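The values are calculated or read from the model by the stated rules, or taken from the named source; none is laboratory data. Treat the numbers as computed from the prediction; the structure is a model and nothing was measured. Note: ideal-geometry Cβ built from the backbone for every residue, glycine included; neighbour counts use all protein chains shown.
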Amino acid sequence: MPSDIAIADAREMMEAVRAASPDNVVFIAERAGTPVGCLHVLDLTDFFGTRHAHISVIATTEEAEGSGVGRLLFEHAEAWARRHGHTLLTLNVFAANGRARRFYERAGMSAEMLKYTKPL
């Protein structure tokens, strides 16, 4: 359910802010002092032991959609990852979210793994 995801994302971002770790950070994009987007990026180690940067959340307000805010946040994530010595940047996206998938593909990302589900 989308609201459950938003609540979980908010909880994780607030925890990252409280922890103030340089390896788990939240950035807020503002336009004229008004928040228009957010980015949550962190260091992760995958199942195979590969350390990488992971975008947990990248989002814009409805009013900022299509205005370049998302692109700037993504570029900020890439720069952050490089500064932390990462050579890989990952994120998760729902298969049905075609708009986001096209955005990530234009940014140079490609699908690596698919997750299959079956409601029971």
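Please go through the range 55-68 and give me each residue that is surrounded by 14 or more Cβ atoms within 10 Å (Cβ to Cβ) and over 16 Å from the mean Cα position of the chain (by Cα), ordered by number.
64, 67 - these are the residues of the range 55-68 that are surrounded by 14 or more Cβ atoms within 10 Å (Cβ to Cβ) and over 16 Å from the mean Cα position of the chain (by Cα).
Has the range 39-54 got at least one residue that is exposed (fewer than 15 other Cβ atoms within 10 Å of the Cβ), out of contact with any Gly (no Cβ under 7 Å at 6 or more places or on another chain), assigned to a strand (DSSP E or B) and without any contact (Cβ under 8 Å) to a residue 24 or more places away in the chain?
yes
Step by step: first the residues of the range 1-28, then only those that are among the small types (Gly, Ala, Ser) and assigned to a helix (DSSP H, G or I), then the one that is surrounded by the most Cβ atoms within 10 Å (Cβ to Cβ). Which residue is that?
16
Can you tell me which residue is surrounded by the fewest Cβ atoms within 10 Å (Cβ to Cβ) among those in the range 29-38 that are of a type in the set (A, V, I, L, M, F, W, C) and within 16 Å of residue 73 (Cα to Cα)?
For the range 29-38, the residue satisfying everything is 38.
Just for the range 68-101: of the residues that are modelled with pLDDT under 95 and basic (Lys, Arg), which one is nearest to residue 54 (Cα to Cα)?
If we take residues in the range 68-101 being modelled with pLDDT under 95 and basic (Lys, Arg), then 101 is nearest to residue 54 (Cα to Cα).
Taking residue 90 as the residue in question, decide whether it is of a type outside the set (A, V, I, L, M, F, W, C), within 16 Å of the chain's Cα centre (by Cα) and crowded, with 18+ Cβ neighbours inside 10 Å.
So residue 90 does not fit the description; no.
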